[in-house]
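Before any comments, here is the structure.
The values are calculated or read from the model by the stated rules, or taken from the named source; none is laboratory data. Since we're looking at a predicted model, the values are computed, not measured. Cβ placement follows ideal geometry from the backbone for every residue including glycine, while neighbour counts extend to all protein chains displayed.
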Amino acid sequence: MYPEIMLIPMREELTRAGLTEARTAEEVDAALAKPGTTLLVVNSICGCAAGKMRPGVRMALSNATLPDYAVTVFAGQDREATERARSYFAGNPPTSPAVAILRDGQLVYLMQRFVIETSTAPQIAAELARAFDEFCAKASA
């Protein structure tokens with residue numbers, strides 16, 4: 001584990017953008033128990049992938065269509081919370097970073113590290129905006 005002081009800017013990059021931090025398994029379960037769509041970001045200290053993922057997530061949050069909620073866990077630091085978050089990604093290997101969308105607690109979209117590593121922040125943002133439009137749009141009356 002890294003000293004917490006090193007992680008503060010990486011945590012704040014997402015919390016300042018409006019994501020709620022979940023640091024325990026119970027907080028993850030509570031966040032994902034809410035009805036509707038939830039953006040779940042597995043943050044990471046990895047400079048190459050997470051250094052592009054965090055700005056990509058921030059840019060995507062300017063999209064017209066957004067998830068109802070947004071939560072983040074920090075891999076390698078908040079281990080219990082990260083393990084619980086990943087338990088919602090059934091059938092997918094654990095990666096850090098990762099970005100998921102869940103609807104009513106069920107995984108509907110997952111962007112894993114291998115996609116993040118080969119993308120720029122604007123490409124990540126564009127893909128997340130596309131996913132928000134597909135999975136988070138409100139049904140018309």
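Can you work out which of the residues in segment 93-106 that are in a loop (DSSP other than H, G, I, E, B) and closer than 18 Å to Ala49 by Cα is nearest to the chain's Cα centre (by Cα)? For segment 93-106, the residue satisfying everything is Pro97.
Pull up segment 119-141, narrow it to residues that are farther than 17 Å from Gly51 by Cβ and touching a Lys or Arg at 6+ places or on another chain (Cβ under 9 Å), then point me to the one that is surrounded by the fewest Cβ atoms within 10 Å (Cβ to Cβ). Ranking the candidates gives Phe135 first. Within segment 43-77, the set of residues being among the charged types (D, E, K, R) and within 20 Å of Leu107 (Cβ to Cβ) comprises Asp68 only. One residue stands out among those in segment 69-80 that are in a loop (DSSP other than H, G, I, E, B) and without any contact (Cβ under 8 Å) to a residue 60 or more places away in the chain: the one that is farthest from Ala126 (Cα to Cα), which is Asp78. Within segment 16-51, the set of residues being at pLDDT below 95 and part of a helix (DSSP H, G or I) comprises Gly47, Cys48, Ala49, Ala50, Gly51.
Listed by first and then second residue, the pairs with beta-carbon distance under 9 Å, at least 6 apart or on different chains, first residue in segment 28-44 and under 13 Å from Ala131 (Cβ atoms), second basic (Lys, Arg) and outside any helix (DSSP H, G or I), are Thr37/Arg103; Thr38/Arg103. Please find, within segment 5-60, the residue that is surrounded by the most Cβ atoms within 10 Å (Cβ to Cβ) out of those that are over 27 Å from Thr120 (Cα atoms) and of a type in the set (Asp, Glu). My answer is Glu27.
The C-beta contact set for segment 107-123 (first residue assigned to a helix (DSSP H, G or I), second residue of a type in the set (S, T, N, Q), distance under 6 angstrom, 6+ apart or interchain) comprises Arg113/Thr95.
Scan segment 100-109 and give yes if some residue there is under 24 Å from Thr24 (Cα atoms) and among the small types (Gly, Ala, Ser), otherwise no. Looking for residues that are under 24 Å from Thr24 (Cα atoms) and among the small types (Gly, Ala, Ser), one finds at least one in segment 100-109, hence yes. Comparison of Leu128, Leu66 shows that the only residue that is more than 17 Å from Glu21 (Cα to Cα), in a loop (DSSP other than H, G, I, E, B) and touching a residue at least 24 places away in the same chain (Cβ under 8 Å) is Leu66. Using the structure shown, decide if Arg58 is assigned to a helix (DSSP H, G or I), over 13 Å from Ala100 (Cα atoms), modelled with pLDDT of 95 or more and within 15 Å of the chain's Cα centre (by Cα). Against the criterion (assigned to a helix (DSSP H, G or I), over 13 Å from Ala100 (Cα atoms), modelled with pLDDT of 95 or more and within 15 Å of the chain's Cα centre (by Cα)), Arg58 qualifies.
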